[in-house]
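In what follows, a single structure is set out as structure tokens and then discussed.
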Amino acid sequence: MDIYLPIAEVSVNWPLLVLLGATVGFVSGLFGIGGGFLMAPILIFLGIPPAVAVASQASHVVASSTSGVISYAGKKAIDFRIGGVMAGGGVLGALLGVELFRYLRLLGQADLAVALSYLMFLGAIGALMLYESLGQILRRVRGEVAPHRERRRPLWLYGLPLRMRFPRSGLYISAIPPFALGVFAGVLSAIMGVGGGFILVPAMLYVLRMKAGVVVGTSLFQIIVTTAMTTILQAGRNQTVDIVLSTILLLGGVVGAQYGARLSGRFRAEELRAVLGLIVLLVGIQMGLELFVRPSELFSFAPGAVD
Amino acid sequence: MLPVFPPPPPAVEAPPPERSAATLDEVRVAAALTDARVLVDSSFRGASIVLYGAVFNPSDDPADVVVVVRGPDAPVRLVKKTRNMGVWLNSRPVLFEGAPGFYMTASTRPLPDIAEFGQLRRLGVGLDHLRINAPEESRTVTRYGVRDVVVSRLGADYLDWRRAVIRLREAAALYNSDPEGVEFVDEGLFRAEVELPAVAPTGRYSAEVWLFQDGEPVSVSNLTLTVEKVGIERDIFEFAHRRPWSYGLVCVLLAAFTGWGASRVFRRT
């Protein structure tokens, strides 16, 4: 049941990969996320070279986001105008990120960059989500009323030039913050192989204060453009995209995602967020742990001369 | 009158075949591989090739057989994790040359019993005798009045680094030495197995079969072996490396199409 992956140059058990794709797809459908942050660590654990894992799953994110965007577009829940601005930033970010990743690989510091970004971003976002959703659950149990939130956007959003109207999101703000957000997500997608939804969605909700109904669809739209760009750049610059690997993952992924999405309606939003926050936090800690634990093998090969 | 027949030509004494004559008084080894081409396709999980051969040994001295299989040269960049302020960080990568992508030895006895250190080093036989070094790290200096002393910037750690190259490759089953890997199946007839793991590099491999007598190499037989990707794997690999941009575009389109297809299928059911 093993299959030889032509770019990764290893052979792996393919039913296991389909199962992995389905599981990650299920999680991504359930929580409405791309699931890239879960996929990369597991692929690396299975023995796929990290560079190939990160690059190949970017195309898996393209597939899972495409089916998401189609369903959101049907409900008219995408703001293509602000999504386009963010996607422009995402393309620039992907360009920067792929070059940065290439440079770090040559320096032998790619592992450090991946571990640090997982620890920092997943750790912080996971802890925040867990804290916020647990607080909400506690208040519901005690029957308290949620405290009044500050509904105003940060003032600096209005001080910037290049203001644009985004009617669907109910915004009239400068194009610079969404563009910068896109750049940031693009860099992350190149280094971590993730779509960046876990950063984009909170930022769009709490910083830009977009209408909640269009946030997820718009972030998925931005993610498709960014990860598609990342895939092409990783293939073109680093030759690390394994089409066989990503196809096997997607076959499981798209099916899993549909079942996950169906099941998600049965749970309360804050419960789902609490579980997701916990998963995100654990993955971040797990990936960051290698920085602090004495490795059993001090030496390792750095890519560069061989490929 | 009886016809006079010419006298019959004298029987020509046929010379014995050259090889048999040579083996009468010369110690020789001959060997062959069951497969000179290893094809890597989608079901490739490594390969096991049998090298078999014969030893012609008319003398009374026992002879030892050493099989060395060497893959194409693959320089590596090695990093070492060091602890800086409580965090384990990679050092600057060091380029090591002279490390083949695959290396195995199989012999009738442990190598140090077969020949002396210097002899093995000269022939490059054995994992300890691979000419792995880091040329960029070395420089020549004058020390104690002796000129052109080669020192390494890696300092005292140098041997650790070299050993790590071998250890990491051994862990990936790319390097192997089996002191009992050559097995005599009959008088003068031996076999040895070459185990190629799935991660074995593609390219031309060379196999040397050495015959040692009293610690001296007396005969050698050279064979070649090619490991190549075939079928769809080869096509994908070539496509990804020759036209990387179009390949990336195809990957994205395939992914987008799969996502679209899935949403169509699931909307109907």
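Counting Lys and Arg as +1 and Asp and Glu as -1, what is the net charge of the other residues whose Cβ lies under 15 Å from the Cβ of A:Ser189? Residues near A:Ser189 contribute +1 overall.
When the Kirkwood hydrodynamic radius is evaluated over all pairs of different C-alpha atoms of region A:53-210, what value in angstrom, to one decimal, is obtained? Intermediate values should be presented prior to the final figure.
Numbers: mean 1/r = 0.0567 Å⁻¹.
Roughly 17.6 Å, rounded to one decimal.
Close amide H partners of B:Ala47, meaning residues 5 or more places away or on another chain with modelled amide H under 5 Å apart, are B:Leu196. For region A:231-249 and region B:195-269, compute the distance between their C-alpha centroids and round to whole Å. Between the Cα centres of region A:231-249 and region B:195-269 lies a distance of 15 Å. Under 16 Å of direct C-alpha separation, and excluding same-chain neighbours fewer than eight residues apart, A:Lys75 reaches these lysines: A:Lys211.
Taking every alpha-carbon pair under 8 Å whose residues sit at least 6 apart, region A:154-307 reaches a relative contact order of 13 percent. The phi-based Karplus calculation (6.51 cos²θ - 1.76 cosθ + 1.60; θ = phi - 60°) puts the 3J(HN,Hα) values of region B:30-42 at 10, 8, 8, 9, 5, 9, 8, 10, 10, 9, 9, 10, 5 Hz, whole numbers, x for Gly and Pro.
Within the straight-line cut-off of under 19 Å between alpha carbons, none of the aspartates and glutamates are reachable from A:Lys76, sequence neighbours fewer than 8 places apart in one chain being disregarded. Per residue, the average separation of C-alpha pairs within less than 8 Å and at least 6 apart gives chain A a relative contact order of 41 percent.
When every alpha-carbon pair in region A:167-307 is counted, what percent end up more than 21 Å apart?
61 percent
Dimensions of region A:19-115 along the principal axes, based on C-alpha atoms and rounded to the nearest Å, stand at 46, 34, 16, largest first. Tell me the net charge near B:Glu193. Cut-off is 15 Å between Cβ atoms, B:Glu193 excluded, with +1 for each Lys or Arg and -1 for each Asp or Glu. Charge balance near B:Glu193 sits at -4.
The interface between chain B and chain A buries about 4700 Å² of solvent-accessible area in total (1.4 Å probe, ligands and nucleic acids excluded). When only Cα pairs below 8 angstrom with a gap of at least 6 residues are kept, region A:1-136 shows a relative contact order of 12 percent. Residues whose amide H falls under 5 Å from that of B:Val27, counting only those 5 or more places apart or on a different chain, are absent, with hydrogens built in the peptide plane.
So which DSSP H runs in chain A come out at 15 Å plus along the axis (Cα) with average Kyte-Doolittle of at least 1.0?
Working: long enough: A:14-31 (26 Å, 1.88); A:50-74 (36 Å, 0.82); A:80-107 (39 Å, 1.20); A:123-142 (28 Å, 0.50); A:176-192 (24 Å, 1.95); A:212-233 (32 Å, 1.71); A:243-264 (30 Å, 1.41); A:269-289 (30 Å, 1.60).
Passing helices, by number: A:14-31, A:80-107, A:176-192, A:212-233, A:243-264, A:269-289.
Summing charges over neighbours of B:Ile236, with a neighbour being any other residue whose Cβ is under 10 Å away from its Cβ, gives -2 when K and R count +1 and D and E count -1.
Derived scalar couplings between HN and Hα for region B:185-190 equal 8, 7, 3, x, 10, 10 Hz in order, rounded to whole Hz, by the Karplus curve 6.51 cos²θ - 1.76 cosθ + 1.60 (θ = phi - 60°), x for Gly and Pro. With an a/c value of 1.5 or above and a/b larger than b/c for the gyration tensor axes a ≥ b ≥ c computed over the alpha-carbon atoms, chain A is described as prolate.
Our note on the geometry: Cα centres of region A:84-138 and region A:1-76, 17 Å apart.
Report the residues of region A:235-271 in range of a label on A:Leu138: point 7 Å along Cα→C-beta, backbone N strictly under 20 Å from it. What the label zone holds, given the 20 Å backbone N cut-off, is A:268-271.
Please state, to two decimals, what the Cα-based radius of gyration of region B:149-228 comes to when divided by 2.2 N^0.38 Å (N = residues).
Values: Rg = 17.2 Å, N = 80, 2.2 N^0.38 = 11.6 Å.
It is 1.47.
Percent of Cα pairs in region A:242-295 per distance bin of 10 Å, from zero to the largest separation: 19, 26, 36, 18, 1.
Given +1 on the Cβ of Lys and Arg, -1 on the Cβ of Asp and Glu, and no further charges, what dipole in debye does the protein assembly as shown carry about its Cα centre, rounded to the nearest 20? Dipole size: approximately 5320 debye.
Carbon-plus-sulfur fraction of the accessible area of the protein assembly as shown, 1.4 Å probe, in percent?
61 percent
Dividing the convex hull volume of the Cα atoms of the protein assembly as shown by its residue count, what figure in Å³ per residue is obtained?
267 Å³
In this structure the amide hydrogen of A:Leu171, modeled in the peptide plane, comes within under 5 Å of the amide hydrogens of A:Phe166, none closer than 5 places in sequence on its chain.
Please check region A:1-46 for residues whose accessible area, probe 1.4 Å, is lower by 50 Å² or more when all protein chains are in place than in their chain alone. Output list: A:Tyr4, A:Pro6, A:Ile7, A:Glu9. Remark: region A:204-307 carries 42 Å² of accessible area per residue (probe radius 1.4 Å; ligands, DNA and RNA excluded).
In terms of its C-alpha gyration tensor, region A:60-142 has an oblate overall shape, because the principal axis ratio a/c (a ≥ b ≥ c, square roots of the eigenvalues) is not below 1.5 and a/b does not outweigh b/c.
The values are calculated or read from the model by the stated rules, or taken from the named source; none is laboratory data. Since the structure is predicted, the reported quantities are computational estimates derived from the model, not experimental observations. All Cβ positions, glycine included, derive from the backbone under ideal geometry; neighbour counts span all protein chains shown. The area values use the complete protein model at the heavy-atom level, side chains included, leaving out ligands, DNA and RNA. Shrake-Rupley method; radii C 1.70, N 1.55, O 1.52, S 1.80 Å.
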